[in-house]
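Only one structure is covered here, and it is reproduced in the block below.
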Amino acid sequence: MDAAPFVTEANRTLVPIRFVSEALGAKVEWDADNRQVIIEDGDVTIVLPIETASVIVNGQTKALDAPATINNSRTFVPLRFVSEALGAQVDYYSTTQGITITR
């Protein structure tokens, strides 16, 4: 991972998009003209506009509790939302502040 994850003021973990998506086998593209990330994995397509509280998954608009953002030239996305949208399970362990993603 070339950029460290961070936790927002709303207590949401954001991670570099390529790190989580490609680790789960998805393809990631940057659409510079529309300032959005497109993630594709089999029959799942996720369109994440930057700094927007909504996302499009397979043509359906869904709300995000933390928008995708750019930090130090890297795009960061909500870990739980993207992982679960790609069919993974996310477990958070409050005692260790650790996260496990399984698919």
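Listed values, structure above:
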{"quantity": "Contact order relative to length of the chain, as percent, for alpha carbon pairs under 8 angstrom and 6 or more apart", "calculated": "21 percent"}
{"quantity": "Within-14-Å neighbourhood charge of ALA26 [Cβ basis; K, R +1; D, E -1]", "calculated": "-3"}
{"quantity": "Sorted by Cβ density within 10 Å, fewest first, the residues VAL47, VAL20", "calculated": "VAL47, VAL20"}
{"quantity": "R0 of 22 Å, Cβ-Cβ distance ASP2-THR102: FRET efficiency to nearest 0.05", "calculated": "0.40"}
{"quantity": "Within-13-Å neighbourhood charge of PHE81 [Cβ basis; K, R +1; D, E -1]", "calculated": "+1"}
{"quantity": "Residue-wise HN-Hα coupling along region 15-31, computed from phi with Karplus coefficients 6.51, -1.76, 1.60 (Hz; x: Gly, Pro)", "calculated": "10, x, 4, 5, 4, 6, 5, 5, 5, 8, x, 8, 9, 10, 10, 9, 9"}
{"quantity": "Percent of Cα pairs exceeding the 20 Å cut-off, where the set is the chain", "calculated": "32 percent"}
{"quantity": "Cut-off 10 Å between beta-carbons: net charge of the residues surrounding GLU40, Lys and Arg +1, Asp and Glu -1", "calculated": "-2"}
{"quantity": "Electrostatic dipole magnitude of the chain [Cβ: Lys, Arg +1; Asp, Glu -1; Cα centre; debye, to 20]", "calculated": "180 debye"}
{"quantity": "Cα coordinate range in region 50-103, projected on the principal axes (Å, largest first)", "calculated": "33, 29, 16"}
{"quantity": "Extension reserve of the ARG12-GLU40 stretch, reckoned as 0.36 nm per residue once the Cα distance is removed", "calculated": "7.8 nm"}
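Values quoted throughout were computed directly from the atomic coordinates according to the rules given, and no laboratory measurement underlies them. This one's a predicted model, so the numbers in the text were calculated from it and none came from an experiment. For neighbour counting, all protein chains shown are included, and Cβ atoms are generated from backbone atoms with ideal geometry for every residue, glycine included.
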